[in-house]
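Below: one structure, written as structure tokens.
The values are calculated or read from the model by the stated rules, or taken from the named source; none is laboratory data. Please read all numbers here as calculations on a predicted model, not as lab measurements. All Cβ positions, even for glycine, are placed from backbone atoms using ideal geometry, and neighbour counts span all protein chains on display. Calculation scope for accessible area: heavy atoms of the full protein, side chains included, ligands and nucleic acids excluded. Shrake-Rupley method; radii C 1.70, N 1.55, O 1.52, S 1.80 Å.
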Amino acid sequence: MNTLTLSHFNPVTLSPTHKWMLVASMCIFALALLSIGYGPAGWDWRLAIAWLAPERFNQFNALQINVVMQIRLPRFILAVLVGLVLAQTGASTQALCRNPLADPSIIGISAGAAMVAVAFIALSAQFNFNAQLYLPYASFLGALGVTSLVYFIAKQQGQINITTLILVGVAINALAFAVIGILSFFADDSALRLINYWTMGSLGGASWSTIIQAAPLLLISLIGLWRLKEPMNLLLIGESQAQYLGVDTNKLKLYVIILVALGVGAVVALTGLIGFVGLVVPHIARLMVGPHLRNMLPLCMLIGVVVLLLSDWLARIVIMPAELPIGIITALLGAPLFIYLIVKNKRGWS
């Protein structure tokens, strides 16, 4: 009779991609406990799951459960969605431009979306209409217009000129913030507070109604770009090579531009300007598992969630009980890495 030994059992081995995805998922779980269970009154990890079955957690009163359901849980879900979208649109923009320095915030897409959103806020006070109802769609139009403008100006003989791309982005950012500054002078007090909110970024306005309103735009962007990851992966090797392999590059670039603008516009409408996530996160994922989008994109999206949850948690505790804008935290994390990338690629640009 044959006897079984340990040598008969082959342990399941995980690829580096799956290992990193597992680590990122564990970080998301830990940050979920912090994000939902942490507040000014202290931290209790049980509060993060008490909303699932409040009758089993008698130590928490109805007010605590309501705070979790109406404030902390929508904020957590918003951070997850924003992290997914910003990381994915950043990676897609870099694939479209075939350069790791491309990012919706650097090349002016986010600023264009914010400019149109701020214009709607300022006009709502003058013409007496509800700006919140149209902000996701107005931001999308602003992002779409800027994306198309930047892409076509930077395109030279079928290739994206990275120097032109960055310079056009700098110009659009300067123009957008100048317009926002002008609109600030004509805004009333309530509109001015909202304008400050857009320029610094925050997850503090999360609510079920705003998430439900913008969810279709976010999901269309997420699903659409996910389905295009294989054609975008072929685009990385070169436009002519991708065409030889059967990719309609003109349609692909059009779809990517629209979906990136859709995702960035919806994010800006929900949270304002949150910069550098689309630059930093894809670069980190690329260092971990390589440039292949089949491996890099899912890990990139998970790391995006980790970065947003961590940044939001830091924003809540640094000057507690007040709250720091999350855009400041992401800029402090992303700007040094962006400078490093510029220095690293300076020789290639020249």
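Protein-only accessible surface at a 1.4 angstrom probe places the residues His18, His292 in the order His18, His292, largest first.
Take every Cα pair under 8 Å in the range 37-337 that's 6+ residues apart, average their separations, divide by the length, and report that relative contact order as a whole percent.
Numbers: 459 pairs, mean separation 87.9, N = 301.
Worked out over the range 37-337, it gives 29 percent.
Does the range 37-337 come out rounded, prolate or oblate, given a ≥ b ≥ c as the square roots of the eigenvalues of its C-alpha gyration tensor, rounded meaning a/c under 1.5 and, failing that, prolate meaning a/b above b/c? Verdict is oblate for the range 37-337.
For Lys344, a cut-off of 20 angstrom between C-alpha atoms picks up no lysines at all, skipping any fewer than 8 places away in its own chain.
Calculated from DSSP H runs of 4 or more alone, at -39500 (n - 2.57) each and per residue, what is the 222 nm mean residue ellipticity of the chain, nearest 500? Mind showing how you got there, number by number?
On the way: 15 runs with 255 residues, N = 350.
For the chain, the value works out to -24500 deg cm²/dmol.
Extending 7 Å from the Cα toward the beta-carbon at both Gln157 and Leu287 defines two label points whose distance is 3.4 nm. Distance between the modelled labels on Ile77 and Leu175, one decimal in nanometres: 3.8 nm (7 Å Cα→Cβ projection). With contacts defined as alpha carbon pairs under 8 Å and 6 or more residues apart, what's the relative contact order of the range 190-280 in percent? That works out to 50 percent. Approximating the spin labels as points 7 Å out from Cα along Cα→Cβ, the Phe127-to-Ile220 distance works out to 2.1 nm.
Extension gain for Leu167-Ile65 works out to 31.8 nm (0.36 nm per residue, less the C-alpha to C-alpha distance). Of Leu81, Leu235, Leu252, the residue with the greatest mean-square motion in the GNM of the chain, using alpha carbon springs below 10 Å, is Leu252.
Based on Cα atoms of the range 270-350, Rg over Rh with Rh as the Kirkwood radius reads 1.05.
Please find, in a Gaussian network model of the chain (springs between Cα atoms separated by less than 10 Å), the residue of Ala331, Ala187, Ala171 whose mean-square fluctuation is greatest. Per the Cα network of the chain with a 10 Å cutoff, Ala171 tops the list. Computed about its Cα centre, the charge dipole of the chain is approximately 720 debye, with only Lys, Arg, Asp and Glu carrying charge at their Cβ. The simple Förster model, with R0 at 25 Å and r as the Cβ-Cβ distance, assigns Phe29 and Ile317 a FRET efficiency of 0.85. Under the membrane-span-like helix rule (DSSP H runs whose alpha carbons stretch at least 15 Å along the helix axis, mean Kyte-Doolittle hydropathy 0.5 or higher), the chain yields 16-37, 73-97, 109-127, 131-154, 162-186, 208-227, 249-271, 277-289, 293-317, 326-349.
Computed extension gain for Ser240 through Ser190, at 0.36 nm per residue and net of the alpha carbon distance, reaches 12.8 nm. For the chain, a Gaussian network of Cα nodes joined below 10 Å ranks Pro104, Pro74, Pro336 by mean-square fluctuation, and the top entry is Pro336.
Report the full-extension gain for the segment Leu333 to Ile49: residue separation times 0.36 nm, less the Cα-Cα distance, to one decimal in nm.
Numbers: separation 284, 0.36 × 284 = 102.24 nm, distance 3.03 nm.
Gain on stretching Leu333 to Ile49: 99.2 nm.
When the charge dipole of the chain is built from unit charges on Cβ atoms (+1 for Lys and Arg, -1 for Asp and Glu) and taken about the Cα centre, the candidate among Thr271, Leu133, Cys27 whose Cα reaches farthest toward its positive end is Cys27.
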